[in-house]
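A.B. asks: Got a structure for you, questions after.
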Amino acid sequence: RSVALRGLVCASLSAAGFTGLSPSTGAAEPLSLKQPGWIASVAFSPDGKRLANACSDRTARLRDANSGDEIAVLTGHRDYVVAVGFAPDGKTLVTGSYDHTACLWDVGSSRLRSTLHGHRGAVMSVAFSPDGSALATSSLDTSVRLWSVDTGELRGTFRGHKSWVNSIAFSPDGAALISGSSDGTVKVWDVRAQRVKTTLRATDAEVRSVAISPDGKMLAAGIRYGIVKLWLDGKERAGFKGHESDVWSLAFTADGKTLISGDGDWDKPGQVKLWDARTGQLLATLEHTGEVLSVACSPDGRRVAAGSRDGTLKVWEVSTLLEGAR
């Protein structure tokens, strides 16, 4: 998942090699790696073998998820890269950039497949449809665009937000697309009809991030000033102050039992928090070295990756921690 950025900040990820225990959380001490710039988006591949991160040095990077070793540096964008995502088959990676474009890359060869032009502002978030045939991109130009992955052709433009569209996610069945905006709303779009089905008034502030549970029943929004809101089957279930600072990124574990959130301000370290998605109970707090802008969970649910404004990427082994907290 990707985040909207205040002052252009960073997030990142890496993997493996966990040793020791953190006395404050009981979690395995995270692997920490430094990147050459701030990183705004992180993603695990569907098979859990690769990690990708976006970087402010205009690149995206692929890593081995077990060793943390860098596999490839993807170059071609002309400005900050702030969004990354793997296709469902793991063979294609998409990147979004402040140069107003999204790029599709072949993961195996690390070669650029195509560049998608059309947005009039930075591409802040990217999401593949569950069947891998379509790609959605959202932008500071207030629009969401839908593209054919095979041809790169524009399938449609979704308009309705009044400000930046910071985060998007497909429903598990691909029928709906969720978008969160700085206009304070979360919109649910009918993908086939290309129209708004529902508008949720989430806040008078800004929606920084959205996520949808694997069963499609629960929707989460990360909001400015530390608020997290949850909707179940379209009805608001909870709203609470989960963090001290803006909630830049959210992710559900693959089993849908845990919600992961990351926060931070430009002038102080952020935190990653793990919540019981059903009860809202705080299960664990993981400390970062900088403002947390992106979080991701491995497909097996065993690792949580987070990146921060200071260019540090951390990955925790959390399976034992979660088992002990429930």
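A.B. asks: Antiparallel as a % of all DSSP beta bridges within the chain, to the nearest 5? Display every interim value, and only then the final one.
C.D. replies: Numbers: 107 of 108 bridges.
Antiparallel: roughly 100 percent of the beta bridges in the chain.
A.B. asks: Please report His119, His288 as a ranked list, fewest other C-beta atoms within 10 angstrom at the top and most at the bottom.
C.D. replies: Working: His119 23, His288 26.
Arranged by neighbour count, lowest to highest, His119, His288 become His119, His288.
A.B. asks: Further question on the same structure: Picking from Ser171, Ser245, Ser109, which is most flexible by a Gaussian network model of the chain using Cα springs under 10 Å?
C.D. replies: It is Ser109.
A.B. asks: Among Met124, Met218, which comes first, then next, by fewest other beta-carbon atoms within 10 Å? Please list the in-between numbers first.
C.D. replies: On the way: Met124 27, Met218 19.
Ordered by Cβ neighbours within 10 Å, fewest first: Met218, Met124.
A.B. asks: Can you tell me the Rg and Dmax of the range 51-174, counting just the alpha carbons, in angstroms?
C.D. replies: 13.6, 44
A.B. asks: Something else now. Where the Cα atoms of the range 141-202 are projected onto their three principal axes, how long is each span, largest first, in whole Å?
C.D. replies: 34, 25, 17
A.B. asks: Now for a separate question. From the P(r) of the range 174-282, can you give the percent of Cα pairs sitting at distances over 18 Å?
C.D. replies: 45 percent
A.B. asks: Tell me the Kirkwood hydrodynamic radius of the chain in angstroms, computed as one over the mean inverse distance between distinct C-alpha pairs. Present the calculation step by step, with values, prior to reporting the outcome.
C.D. replies: Values: mean 1/r = 0.0533 Å⁻¹.
Mean inverse Cα-Cα distance, inverted, gives 18.8 Å.
A.B. asks: May I ask you to sort Tyr225, Tyr98, Tyr80 by Cβ crowding, counting other Cβ atoms within 10 Å and putting the fewest first? Spell out each step's value before the answer.
C.D. replies: Values: Tyr225 14, Tyr98 21, Tyr80 24.
So the residues, fewest neighbours to most, are Tyr225, Tyr98, Tyr80.
A.B. asks: From the gyration tensor of the Cα coordinates in the range 214-263, what semi-axes in whole Å does the equivalent ellipsoid have, largest first, with each one equal to sqrt(5λ)?
C.D. replies: On the way: eigenvalues 69, 34, 10 Å².
Ellipsoid half-lengths, sorted descending, are 19, 13, 7 Å.
A.B. asks: Reachable aspartates and glutamates from Lys49, Cα under 12 Å, same-chain residues fewer than 8 places away excluded?
C.D. replies: Here the aspartates and glutamates satisfying the reach criterion relative to Lys49 are Asp64, Asp69, Asp300.
A.B. asks: Please report the spacing between the Cα centers of the range 241-318 and the range 124-154 in Å, no decimals.
C.D. replies: For the range 241-318 versus the range 124-154, the Cα centre distance is 25 Å.
A.B. asks: Quote the FRET efficiency, to the nearest 0.05, computed for Ser114 versus Leu232 with a Förster distance R0 of 30 Å and r equal to the Cβ-Cβ distance. Working shown, then result.
C.D. replies: Numbers: r = 38 Å, r/R0 = 1.27.
Taking R0 as 30 Å, the efficiency between Ser114 and Leu232 is 0.20.
A.B. asks: Take the chain, connect every pair of alpha-carbon atoms lying under 10 Å apart with a spring to form a Gaussian network, then pick out the residue of Ala127, Ala220, Ala254 with the largest mean-square fluctuation.
C.D. replies: Ala254
A.B. asks: How long are the three semi-axes of the equivalent ellipsoid for the range 101-229, computed from the Cα gyration tensor as the root of 5 times each eigenvalue, in whole Å, largest first?
C.D. replies: Details: eigenvalues 116, 50, 39 Å².
Rounded to whole Å, the semi-axes are 24, 16, 14.
Quick note: the coordinates plus some simple rules give every number you see, no bench work behind them. Values in this document were obtained by computation on a predicted structure and should not be read as measured data. Every residue, glycine among them, receives a Cβ derived from its backbone with ideal geometry; neighbour counts consider all protein chains shown.
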